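Nothing in this text is a laboratory measurement; each read-out follows from the coordinates by a stated rule. Predicted model, so just to flag it, every value in this text is computed and none were measured. All Cβ positions, glycine included, derive from the backbone under ideal geometry; neighbour counts span all protein chains shown.
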Amino acid sequence: MSFVPVWTRIQDAAVALLRGLVYVLAVLSGLSVMVMIAITCADVVLRLPLINRPFMGAYDIVRIAGAVALAAALPYTTAVKGHVAIEFFFHKLNRSSRLVVDSVMRLLSMALFAFLGWHSILFGLELHRTKQVSQTLNLPIFWLPMVIGCCCFVVVLVVTHHLVYPNREVIKP
């Protein structure tokens with residue numbers, strides 16, 4: 001057995017793992033949006049004059065679900081290259097200039113998301129140390145910045161894949 005097919009299988013397995021992780025986070029994001037919708041609708045219905053019992057903790061749950069939805073959607077949006085790009089400027093450049101600009105922007109994105117991920121995890125550890133809780137329900141919230149940090153690290157992996165394999169997509173939109 002030669003070395004190349006084994007290495008290719010390892011790369012394919014790593015990409016499949018990354019793809020699965022991105023899909024799991026996309027589903028988590030969708031579920032978080034559904035939770036936000038359900039809690040908001042329940043709160044509105046429960047505030048009707050006939051019932052007059054607002055949903056206790058709706059603000060906390062919607063806020064937490066919104067943060068999870070936003071963070072978990074980042075890897076999928078990055079994988080399908082769904083972010084806004086400056087196409088007009090980019091297409092005015094020649095091929096070699098586009099390659100340089102694209103590579104520099106990917107490296108800067110990797111640095112930014114690695115920084116955000118690292119500091120989010122440090123912030124989560126600080127919240128855990130100080131035992132911070134949500135305003136109404138008193139739920140521990142240390143895990144939320146850690147989830148955001150992990151999602152940022154997945155974005156770094158996706159951008160790394162795009163940088164190393166510019167013509168291979170992680171996920172087709």
Rounded to the nearest 10 degrees, the helix 58-79 long axis (Cα) sits at an angle to the longest Cα principal axis of the chain of 10
At 222 nm, what helix-only mean residue ellipticity would the chain give, in deg cm²/dmol to the nearest 500, using -39500 (n - 2.57) for each DSSP H run of four or more?
-26500 deg cm²/dmol
How would you rank Met105, Met146, Met56, going from fewest to most other Cβ atoms within 10 Å of each one's own Cβ?
Met56, Met105, Met146
Kindly put Glu126, Glu169, Glu87 in sequence by how many other C-beta atoms sit within 10 Å of each C-beta, fewest to most.
Glu87, Glu126, Glu169
Could you tell me what fraction of 2.2 N^0.38 Å the Cα radius of gyration of the range 28-68 comes to, as a two-decimal ratio?
1.20
Of Leu122, Val133, Ala26, which is farthest on the positive side of the dipole of the chain, counting Cα position, with +1 on Lys and Arg Cβ, -1 on Asp and Glu Cβ, and the Cα centre as origin?
Ala26
Using Stokes-Einstein with the Kirkwood hydrodynamic radius over Cα pairs, what translational diffusion coefficient do you get for the chain at 10 °C and a viscosity of 1.306 mPa s, in µm²/s rounded to a whole number?
85
When Leu31, Leu127 are ordered from fewest to most other Cβ atoms inside 10 Å of their Cβ, what list results?
Leu31, Leu127
By how many nm would the segment from Trp7 to Lys92 lengthen if fully extended, with 0.36 nm per residue of separation less the alpha-carbon distance?
26.8 nm
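FRET efficiency for Leu31 and Phe115, Cβ-Cβ distance as r, R0 = 35 Å, nearest 0.05?
0.80
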R0 of 35 Å, Cβ-Cβ distance Tyr23-Thr136: FRET efficiency to nearest 0.05
0.60
Rounded to whole Hz and in sequence order, give me ³J(HN,Hα) for the range 26-43 from the Karplus expression 6.51 cos²θ - 1.76 cosθ + 1.60, θ = phi - 60°, writing x for Gly and Pro.
5, 5, 4, 4, x, 5, 5, 5, 5, 4, 4, 5, 4, 5, 5, 5, 4, 5
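Where the only charges are on Cβ atoms (+1 Lys, Arg; -1 Asp, Glu), what is the dipole of the range 3-164 about its Cα centre, to the nearest 20 debye?
In debye, rounded to 20, the range 3-164 gives about 160.
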Fully extended, how many nm does the chain gain between Leu48 and Trp143 (0.36 nm per residue separation, minus their Cα-Cα distance)?
30.8 nm
Place a point 7 Å from the Cα of Thr77 in the direction of its beta carbon; the residues of the range 133-165 whose amide N falls under 20 Å from it are 144-163
